[in-house]
1. From the phi of every residue in the stretch 191-196, what ³J(HN,Hα) in whole Hz does the Karplus formula 6.51 cos²θ - 1.76 cosθ + 1.60 yield, where θ is phi - 60° and glycine or proline is x?
2. Reachable aspartates and glutamates from residue 95, Cα under 19 Å, same-chain residues fewer than 8 places away excluded?
3. Roughly what % of DSSP beta bridges within the stretch 166-263 run antiparallel, to the nearest 5?
4. If amide H atoms are built 1.01 Å from N in the plane of the peptide, which residues on other chains or at least 5 residues away come under 5 Å of the amide H of residue 219?
5. Starting at the first residue of the stretch 94-101, write each ³J(HN,Hα) from the Karplus equation 6.51 cos²θ - 1.76 cosθ + 1.60 with θ = phi - 60°, in whole Hz, x for Gly and Pro.
6. So which trypsin sites (Lys or Arg not before Pro) in the stretch 14-118 pass both tests, a DSSP loop state and at most 16 other Cβ atoms within 10 Å of the Cβ?
7. Here are several values of Rg and Dmax of the Cα atoms in Å: (1) 31.2, 111; (2) 17.5, 52; (3) 21.1, 68. Which one was derived from the coordinates shown?
8. Net charge within 14 Å of residue 6 by Cβ-Cβ distance, Lys/Arg positive one each and Asp/Glu negative one each, not counting residue 6 itself?
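Please treat every number below as a calculation from the coordinates, not as lab data. Computed from a predicted model, the values in this text were never measured in an experiment. All Cβ positions, even for glycine, are placed from backbone atoms using ideal geometry, and neighbour counts span all protein chains on display.
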Amino acid sequence: MIPAEKHLPLAIRTAVAAGQAIMEIYDSPDSDWQVERKADNSPLTLADRRAHAVIAEALMTTPWPLLSEEGAHENYEVRREWQTLWIADPLDGTKEFLKRNGEFTVNIALVHKGVPVLGVIYVPVARRIYWGSEAGAFRAAVSEDGTVSPDVEALPLSTLPEDRPFTVVASRSHLSAETEAFVEACRREHGEVILRSAGSSLKICLVAEGVADVYPRLAPTMEWDTAAGHAIALAAGREVVDAETGCPVVYNKADLLNPFFFVR
């Protein structure tokens, strides 16, 4: 196994630094955010680009290449030789960023042989950070100067009520017909069902925390959307599985599009 734990402090510092770069722009709504549209019509902003630059520079100090949503994507003939790599989404939830609802994140994962072995998700507006590795899954507050609080909570949280209704978390921006059908099936099986909405990789964090029981993603996502959350979910004792086959979702594939999946 690679020494993933050794690089956890770097991944945490880098996620926070990228979040600070994002907030410099988010806190200046009257400035030019340089909003563009990518080939898939998804938005790209100055905040995405600056966060990517922070991550790319920091992770250059490690032995492994970086696959970032906002970076150059090597073809599979090159990537297939990467047994270990970083996968990052510098600003997951750009639509939420543009809506100014605070539900966007910085995602950084270390993947080895297709499996996320380390993941960090930072929520800049809430100044809350999640991470997962072989040592477990945790969350902590982050101070204004970027210092991670020593008061760390293990995931899943031990303070949750045991008798809460079955809870499904779904995308705030992508509630598909298939997801609505899944929620109805849960109601038939469990009776009362609470449906929670959240943006970006926060949905996976809610399952890792134990606040939600399942996150059905029955709509398209890319590997950088999920790799960090996948690592945290695994460390919290959850799983991320292909909705059709039930097999674990894997990474650094020829096609970087994820299958539909469940986090549970």
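1. x, 5, 10, 8, 10, 10
2. Residue 95 reaches 24, 27, 30, 32, 36, 40, 48, 69, 70, 103, 223, 225.
3. Restricted to the stretch 166-263, the bridges split so that about 55 percent are antiparallel.
4. Long-range HN contacts for residue 219: 261.
5. 4, 4, 5, 4, 5, 6, 6, 9
6. Numbers: sites: 37, 38, 49, 50, 79, 80, 95, 99, 100, 113; in loops: 38, 80, 100, 113.
When the trypsin sites (Lys or Arg not before Pro) of the stretch 14-118 are filtered for loop state and at most 16 Cβ neighbours within 10 Å, 38, 80, 100, 113 remain.
7. Computing Rg and Dmax of the Cα atoms in Å and matching it to (1) 31.2, 111; (2) 17.5, 52; (3) 21.1, 68 gives (2).
8. On the way: positive: 13; negative: 5, 134.
It works out to a net charge of -1.
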